[in-house]
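S.K.: First the structure, which I've put down as structure tokens, then a few questions once you've had a look.
The values are calculated or read from the model by the stated rules, or taken from the named source; none is laboratory data. Predicted model only: the values in this text are computed from it and were never measured. Virtual Cβ from ideal backbone geometry, glycine too; neighbours counted across all protein chains shown.
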Amino acid sequence: MKLLNVFVWVIFVLPYPQDAREIPQEVLVLLSGTSPSTVAVVNSIGFECDVEIPEIPQPYGSPGRRGMSAGYWNRSLIACGGLDNSGPPISSFKDCQMLDLDTRMWQEGPDMPELLAYSGYTMVGSVFYVIGGYHTKYDGGGPTQYVYSDQIYFLDLADIEIGWVTLDMKLPSASSDLCAVASPKGNIFVIGSLSGYFNPNQADSWTSIPNQEGVGLGCDLYLTEFNSSIVVAVGGSSLKNKVETLNIGSEDLPDMAWNTDLPPFSEERTRRPSIGVLNLDLIIAGGSQTSSKIEKFTEFGWSQDASGALKETRADQASIRVPSSMFPECQS
């Protein structure tokens with residue numbers, strides 16, 4: 001049973017499968033986190049592939065970056081910001097590193113306008129959005145201070161020479177630990193300590209939706225055969241080992257409500273689990289410092305095949321779906 005059939009049960013959409021030719025063939029890429037600055041690639045079967053990618057460069061601090069933002073466009077990955085894995089003091093970053101997936105080499109991209117970690121991030125076409133977040137600050141020998149952002153920045157990866165642009169509108173309040181997805185209509189849904197959606201092309205377009213209230217969520221967007229959009233949220237401090245779905249439908253319904261009918265997965269994943277709807281199945285990886293298990297939702301529930309595991313535990317990582325053609329050694 002594919003994920004579509006499960007959502008049919010949840011939101012009463014007719015169970016007609018999508019044409020397989022229209023289903024994107026993708027893998028889920030995990031970047032750094034509490035693991036050193038490495039990259040992991042998980043295929044739609046639920047296995048980490050053997051890929052050779054150099055570690056993500058960083059300008060200073062100990063190896064590894066927590067709370068990065070990541071995007072994909074035209075055969076390249078971008079990974080920005082985050083915090084290092086040492087401290088205190090904890091280093092914050094604003095640099096962006098770009099990975100050419102043909103050469104598998106990193107090069108520097110344009111710095112973000114400010115130091116940022118644990119932002120929401122998503123792609124709308126070629127445009128990479130980074131939403132909210134925070135950075136660390138120290139005054140002498142005092143305790144660590146956390147400076148939160150209400151800004152929304154974007155970078156057009158099709159023309160990076162323009163550089164980062166600050167969106168005219170801001171978040172209703174400075175927030176971090178956000179998860180973001182873009183809908184087919186171009187609205188950006190933000191989930192977490194602050195929840196709502198906005199149209200980046202319209203000023204003051206923020207609309208609040210029911211709040212998840214927790215931090216460390218993972219989320220993705222699922223598009224049904226009939227173009228009904230569903231936001232899938234997992235893990236974090238509030239959901240732990242649970243899955244919730246939000247049928248955003250036409251995106252103008254005032255009574256959006258989270259659905260809790262999907263069964264829980266086997267282990268708590270409270271620290272930004274990676275989630276991807278791959279080939280109509282739901283894959284979850286990382287988000288835990290105690291388990292490397294990869295879980296996949298099937299007609300029998302969450303699979304618990306011990307061979308489906310990351311090579312190392314990984315939490316607070318960034319993740320992005322990428323066409324599987326970028327990793328021929330990983331195609332399932």
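S.K.: Identify, please: which residue in the range 128-153 is crowded, with 19+ Cβ neighbours inside 10 Å and of a type outside the set (F, W, Y) and is, among those, nearest to G71 (Cα to Cα)?
M.R.: Within the range 128-153, the subset crowded, with 19+ Cβ neighbours inside 10 Å is 128-135, 149, 151-153.
Imposing the further condition that a residue be of a type outside the set (F, W, Y) reduces the set to 130-133, 135, 149, 151-152.
Working: V130: 10, I131: 13, G132: 16, G133: 16, H135: 20, S149: 20, Q151: 18, I152: 15 Å.
Top of the filtered list is V130.
S.K.: Among the residues of the range 185-202, is any modelled with pLDDT under 90, surrounded by fewer than 19 Cβ atoms within 10 Å (Cβ to Cβ), more than 24 Å from G82 (Cα to Cα) and over 21 Å from the mean Cα position of the chain (by Cα)?
M.R.: Yes.
S.K.: Ok, one more. Collect the residues in the range 275-313 that are closer than 23 Å to M123 by Cα and not hydrophobic (A, V, I, L, M, F, W, C), keeping them in residue-number order.
M.R.: Initially, the range 275-313 is screened for residues closer than 23 Å to M123 by Cα, giving 275-287.
If the condition is that a residue be closer than 23 Å to M123 by Cα and not hydrophobic (A, V, I, L, M, F, W, C), then G276, N279, D281, G286, G287 are the ones that fit.
S.K.: Sticking with this structure for a sec: Is one or more of the residues making up the range 86-106 of a type in the set (K, R), under 21 Å from the mean Cα position of the chain (by Cα) and closer than 25 Å to L221 by Cα?
M.R.: Let us first name the residues in the range 86-106 that are of a type in the set (K, R), namely 94, 104.
Keeping just the survivors that are under 21 Å from the mean Cα position of the chain (by Cα) gives 94.
From what's left, closer than 25 Å to L221 by Cα: none.
Checked the range 86-106: no residue is of a type in the set (K, R), under 21 Å from the mean Cα position of the chain (by Cα) and closer than 25 Å to L221 by Cα.
S.K.: May I ask you to verify whether P59 is surrounded by fewer than 14 Cβ atoms within 10 Å (Cβ to Cβ), modelled with pLDDT under 90, touching a strand residue (DSSP E or B) at 6+ places or on another chain (Cβ under 7 Å) and over 21 Å from R321 (Cβ atoms)?
M.R.: Numbers: surrounded by fewer than 14 Cβ atoms within 10 Å (Cβ to Cβ): yes; modelled with pLDDT under 90: yes; touching a strand residue (DSSP E or B) at 6+ places or on another chain (Cβ under 7 Å): yes; over 21 Å from R321 (Cβ atoms): yes.
So P59 passes the test.
S.K.: Something else: So which of Q107, Q97 is modelled with pLDDT of 95 or more, assigned to a strand (DSSP E or B) and closer than 21 Å to A180 by Cα? Give the steps one after another, and end with the answer.
M.R.: On the way: Q107 fails: closer than 21 Å to A180 by Cα.
After applying the criteria, what remains is Q97.
S.K.: Would the range 154-173 turn up any residue that is crowded, with 19+ Cβ neighbours inside 10 Å, small (G, A, S), closer than 20 Å to A117 by Cβ and out of contact with any helix residue (DSSP H, G or I) (no Cβ under 6 Å at 6 or more places or on another chain)?
M.R.: no
S.K.: With (1) under 20 Å from P210 (Cα atoms); (2) in contact with a Pro (Cβ under 8 Å, 6 or more places away or on another chain); (3) not small (G, A, S) as the list, and K94 as the residue in question, which single condition is left unmet?
M.R.: Of (1) under 20 Å from P210 (Cα atoms); (2) in contact with a Pro (Cβ under 8 Å, 6 or more places away or on another chain); (3) not small (G, A, S), only one is false for K94: (1).
S.K.: Say we look at the range 268-278 and pick out the residues that are closer than 21 Å to V322 by Cα and touching an Asp or Glu at 6+ places or on another chain (Cβ under 8 Å); which of these is surrounded by the most Cβ atoms within 10 Å (Cβ to Cβ)?
M.R.: From the range 268-278, those closer than 21 Å to V322 by Cα are 272-278; that's our starting set.
Those still in the list that are touching an Asp or Glu at 6+ places or on another chain (Cβ under 8 Å) too: 272, 275-278.
Details: R272: 29, I275: 26, G276: 24, V277: 24, L278: 25.
Here the answer is R272.
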